[in-house]
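Novice: A single structure is presented below for examination.
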Amino acid sequence: MDKSEINQQMQRYIESGEMAGAALRIRKNGETVYQGKWGYADIKNGRRTDYDTMYRLASMSKPVTAVAVMKLEEQGKLKLDSPITEFLPGFGKLRVCSRQLPADQVYEPDPDHPAGRLGELPEDMEFVLPKRMVTVRDLLSHSSGLGMGTVGMLMTGDLNRRMDRLAERVEKWQSVPADFQPGEATGYSAVVGFDILGRIVEVVSGLEFNRFLEKELFSPMGIRDITFTLNEEQAGRLSALYFADQGRLEDVSDREDELKWYEASRNGYFSGSAGLYGSMEDYDKFVQMLADEGQYRGARILKEETVRKMRSEGAAKHLEMMPGAFWGLGMLVTVRPDLCGMPVAPGTFGWSGAYGTHFFINPEQKLQAVFVMNRSNIGGAGSPIARRVEELTFGIYGER
């Protein structure tokens with residue numbers, strides 16, 4: 001393999017209608033060894049992709065939220081194993097589903113609720129007391145049971161309203177049962193877990209979540225282009241969002257069901273799970289901070305041992321997200337790529353966003369990459385394009 005294969009592959013994706021535009025930066029030992037940009041941020045208006053194009057980061061917001069929580073842990077303001085009732089007493093009434101249900105048993109389509117609604121639960125469904133309370137660690141490692149199954153996801157979705165602020169929505173969720181006993185299983189809390197973490201940051205720090213991120217993370221690193229709310233200039237750099245179908249790309253930027261978290265951000269709902277916008281240029285700074293053990297150009301954001309903790313096994317007991325991979329604290333860690341089919345080296349960690357954004361870091365090889373694109377139906381962490389970026393990066397600049 002050589003680096004020309006990256007450009008060739010990206011051009012094929014553009015020409016085949018797999019994506020409208022993308023940008024990639026690869027670093028080795030902290031130095032840029034490859035960067036490229038392809039296609040369009042906005043096809044209709046002829047605006048080409050650039051390194052400062054703004055993207056909807058979606059779940060690549062989660063690692064940022066995790067760093068915010070770990071900052072407070074370093075400051076002694078919370079502990080990973082603290083019960084969340086210490087900060088949000090309303091969760092003291094938490095109940096747990098006695099069993100998990102297949103979606104087809106309780107899911108009801110509803111045109112007013114794009115994610116669907118919860119129908120009638122089986123008569124024998126019981127809600128039991130938790131064996132222990134959900135902890136901060138459980139939320140960071142996707143082992144809380146909150147919003148992690150059919151019942152929790154549909155019930156929380158049905159409670160949400162567009163004008164909610166973060167505190168209001170989290171308060172509503174306190175009435176929703178956990179899908180499994182805290183710390184007993186894993187999976188993926190797409191929304192609830194990390195939004196609760198964002199609210200905990202607010203309670204502990206006394207700042208709105210967006211203000212905390214600006215003060216403690218973004219400003220020290222010189223980051224201006226990661227934000228919950230776009231100013232006019234940033235809005236002019238925002239990529240359109242496309243739906244790909246058999247070689248055709250449809251602009252779905254204005255569809256509410258595609259962008260519900262971003263609509264909410266405009267009303268002051270700062271979603272720690274999926275609400276941030278960002279450019280490749282500035283997310284690369286965040287990734288470099290993690291790769292450089294918690295510092296960026298002299299600004300110390302986290303201690304070295306804290307970053308190492310984040311990329312180690314996070315749950316209270318061993319729980320694999322998939323064979324060969326487990327959750328750290330806010331990021332997925334791959335330890336046996338041969339078991340999970342990931343084209344990376346052991347020890348690689350990172351995460352993705354629903355619209356195709358992706359990053360990964362391998363500490364041993366000092367190899368990292370940030371990739372951004374703008375497609376609504378790419379599959380998030382399961383994106384075949386993300387897998388190909390990993391394959392090319394390790395094939396050209398590293399070892400697997």
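Novice: As a quick test, which of the pairs 131/317; 71/131; 317/366; 71/366; 62/172; 37/285 have an alpha carbon distance above 26 angstrom in this structure?
Specialist: Flagged as over cut-off: 71/131; 317/366.
Novice: In addition: Relative to the longest principal axis of the C-alpha atoms of the chain, give the angle of the C-alpha long axis of helix 280-291, reported between 0 and 90° and rounded to the nearest 10°.
Specialist: 70
Novice: Continuing with the same structure: Counting only GluC sites (Glu not before Pro) that sit in a DSSP loop (anything but H, G, I, E, B) with at most 14 other Cβ atoms within 10 Å, what is the longest stretch of the chain containing none of them?
Specialist: Result for the longest clean stretch: 127-255.
Novice: How big is the Rg/Rh ratio for the stretch 179-313, C-alpha atoms only, Rh by Kirkwood, two decimals?
Specialist: Here the Rg-to-Rh quotient is 1.00.
Novice: Moving to a separate point now. Using the Karplus curve 6.51 cos²θ - 1.76 cosθ + 1.60 with θ = phi - 60°, what ³J(HN,Hα) values do you get for each residue of the stretch 355-360, in whole Hz, with x for Gly and Pro?
Specialist: 9, x, 5, 7, 9, 7
Novice: Of 312, 178, 274, whose Cα points farthest to the positive end of the dipole of the chain (charges on the beta-carbon: +1 Lys, Arg; -1 Asp, Glu; origin at the Cα centre)?
Specialist: It is 312.
Novice: Assigning unit charges at the beta carbon (Lys, Arg +1; Asp, Glu -1) and nothing else, what dipole magnitude in debye, to the nearest 20, does the chain show about its Cα centre?
Specialist: Around 960 debye, computed over the chain.
Novice: Now, a different point. Work out the charge dipole of the stretch 338-400 with +1 on the Cβ of Lys and Arg and -1 on the Cβ of Asp and Glu about the Cα centre, then indicate which of 378, 343, 395 is farthest towards its positive end.
Specialist: 378
Novice: So, one more: What percent does the relative contact order of the stretch 266-321 come to when contacts are Cα pairs within less than 8 Å and at least six residues apart?
Specialist: In percent, rounded to a whole number, it is 18.
Novice: Sticking with this structure for a sec: Quick check: from the Cα gyration tensor, does the stretch 319-400 come out rounded (a/c under 1.5), prolate or oblate?
Specialist: Verdict is oblate for the stretch 319-400.
Novice: Moving on to the next point. Please list 295-301, 58-64 highest first by mean number of surrounding beta-carbon atoms within 10 Å per residue.
Specialist: Taking the mean over residues of other Cβ atoms within 10 Å, the ranking is 58-64, 295-301.
Novice: For residue 2 and residue 93, what is the calculated FRET efficiency with R₀ set at 56 Å and r taken between the beta-carbons, to the nearest 0.05?
Specialist: That pair, residue 2 with residue 93, gives E of 0.40.
Novice: Just how far, in whole angstrom, is the stretch 359-398 from the stretch 190-219 if you go by their alpha carbon centroids?
Specialist: Using only Cα atoms, the two centres lie 27 Å from each other.
Novice: Between residue 51 and residue 297, take the C-beta separation as r, use R0 = 22 Å, and let me know the FRET efficiency to the nearest 0.05.
Specialist: That gives a FRET efficiency of 0.80.
Novice: Could you work out [θ]222 nm for the chain from helices alone, using -39500 (n - 2.57) per DSSP H run of at least four and dividing by all its residues? Round to the nearest 500 deg cm²/dmol.
Specialist: Counting only the DSSP helices, I get -8000 deg cm²/dmol.
Novice: If I model a spin label as a point 7 Å beyond the Cα along the Cα-Cβ vector, how far apart are those points for residue 338 and residue 224 in nm?
Specialist: 5.0
Novice: Show me the trypsin sites (Lys or Arg not before Pro) within the stretch 366-398 that DSSP assigns to loop and that have at most 16 other Cβ atoms within 10 Å of their Cβ.
Specialist: Passing sites in the stretch 366-398 are 366.
Novice: Once phi is turned into θ = phi - 60°, what whole-Hz ³J(HN,Hα) does the Karplus curve with 6.51, -1.76 and 1.60 give for every residue of the stretch 193-207, x standing for Gly and Pro?
Specialist: x, 7, 6, 4, 4, x, 5, 4, 4, 4, 5, 6, 8, x, 10
Novice: Need one number: nm distance between label points at residue 175 and residue 312, each 7 Å from Cα along Cα→Cβ, rounded to one decimal.
Specialist: My value for the distance between the label points is 4.2 nm.
Novice: Here's a follow-up. Under 1.5 on a/c is rounded, so check that first for the stretch 8-51, then, if it is not, pick prolate when a/b is larger than b/c and oblate when it is not; a ≥ b ≥ c are the square roots of the alpha carbon gyration tensor eigenvalues.
Specialist: oblate
Novice: So, with +1 on the Cβ of K and R and -1 on the Cβ of D and E, and no other charges, what is the size of the charge dipole of the stretch 1-106 about its Cα centre, to the nearest 20 debye?
Specialist: 240
Novice: Going by a ≥ b ≥ c, the root eigenvalues of the Cα gyration tensor, does the stretch 261-400 fall in the rounded group (a/c under 1.5), the prolate group (a/b larger than b/c) or the oblate group?
Specialist: It comes out rounded by the Cα gyration axes.
Novice: Provide the convex hull volume over Cα atoms per residue for the chain, in Å³.
Specialist: Hull volume over Cα atoms, normalised by residue count, gives 134 Å³.
Novice: Would you be so kind as to identify which of 331, 82, 289 lies farthest towards the positive end of the dipole of the chain, taking Lys and Arg as +1 and Asp and Glu as -1 on Cβ and the Cα centre as origin?
Specialist: About the Cα centre, the residue reaching furthest to the positive side is 289.
Novice: In debye to the nearest 20, how big a dipole does the stretch 43-91 give about its Cα centre with +1 on each Lys and Arg Cβ and -1 on each Asp and Glu Cβ?
Specialist: Dipole about the Cα centre, nearest 20: 400 debye.
Novice: Provide the gained length on full extension for the span residue 168 to residue 126, in nm with one decimal, where the gain is 0.36 nm per separating residue minus the Cα-Cα distance.
Specialist: Extra length from residue 168 to residue 126 when fully extended: 12.4 nm.
Novice: In nm, to one decimal, how far is the residue 232 label point from the residue 11 one, both placed 7 Å along Cα→Cβ?
Specialist: Label at residue 232, label at residue 11, 4.0 nm between them.
Where a number appears in this text, it was derived from the coordinates with a stated rule and is not lab data. All figures in this text were calculated on a predicted structure; none of them were measured in a lab. All Cβ positions, even for glycine, are placed from backbone atoms using ideal geometry, and neighbour counts span all protein chains on display.
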